[in-house]
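Q: The structure is given below, and queries will be raised subsequently.
The values are calculated or read from the model by the stated rules, or taken from the named source; none is laboratory data. The shown structure was predicted, so the numbers you read here are calculated from the model rather than taken from an experiment. In this analysis, Cβ positions are derived from the backbone assuming ideal geometry, glycine residues included, and neighbour counts consider all displayed protein chains.
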Amino acid sequence: MHQAPPKSVITRLRRIEGQVRGVSGMVEEGRYCIDILTQIQAIKAALGKVEDELLKGHAAHCVEEAIRDGDVKAQRQKFSELVDLFAKYRG
């Protein structure tokens, strides 16, 4: 069973969406590159916080549930999902 994300995550994502629209406008207006790059860094940091929050939620609900239930197959699956995710984006 999937846990719904907390409202704080939705709020952050909506704020990020606004930031992205703002950057798009800055690019269209030909604003100074450093100002645009600064905003992009802020967006990346905000996305990182969303990622952290979702990862904590996954560990607190999905992984914890598999451990609590003693379901070895589910435990391996949850662990494998995390390993695959991190391996995919390892840079």
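Q: Can you name every residue in the range 26-52 that is within 29 Å of LYS7 (Cα to Cα), free of Cβ contacts under 8 Å to residues at least 40 places away in the same chain and touching a helix residue (DSSP H, G or I) at 6+ places or on another chain (Cβ under 9 Å)?
A: Passing the criteria: MET26, ILE36, GLN39, ILE40, ALA42, ILE43, ALA46, LEU47, LYS49.
Q: Output the number of residues of the range 25-76 satisfying the condition of being at pLDDT below 95 and either among the aliphatic types (A, V, I, L, M) or on the phi > 0 side of the Ramachandran plot (or both).
A: Looking only at that region, the number is 10.
Q: Continuing with this model, one more query. With respect to LEU55, is the statement that it is under 20 Å from LYS7 (Cβ atoms) and either part of a helix (DSSP H, G or I) or touching a residue at least 40 places away in the same chain (Cβ under 8 Å) (or both) true?
A: Values: under 20 Å from LYS7 (Cβ atoms): yes; either part of a helix (DSSP H, G or I) or touching a residue at least 40 places away in the same chain (Cβ under 8 Å) (or both): yes.
Here the answer is yes, as LEU55 does meet what is asked.
Q: Among residues belonging to the range 4-24 that are outside any helix (DSSP H, G or I) and surrounded by 12 or more Cβ atoms within 10 Å (Cβ to Cβ), point out the one that is modelled with the highest pLDDT.
A: The residue in question is PRO6.
Q: When the residues of the range 61-71 are narrowed to those that are free of Cβ contacts under 8 Å to residues at least 12 places away in the same chain and surrounded by 10 or more Cβ atoms within 10 Å (Cβ to Cβ), which ends up farthest from PRO5 (Cα to Cα)?
A: Restricting to residues being free of Cβ contacts under 8 Å to residues at least 12 places away in the same chain and surrounded by 10 or more Cβ atoms within 10 Å (Cβ to Cβ), the top hit is ASP71.
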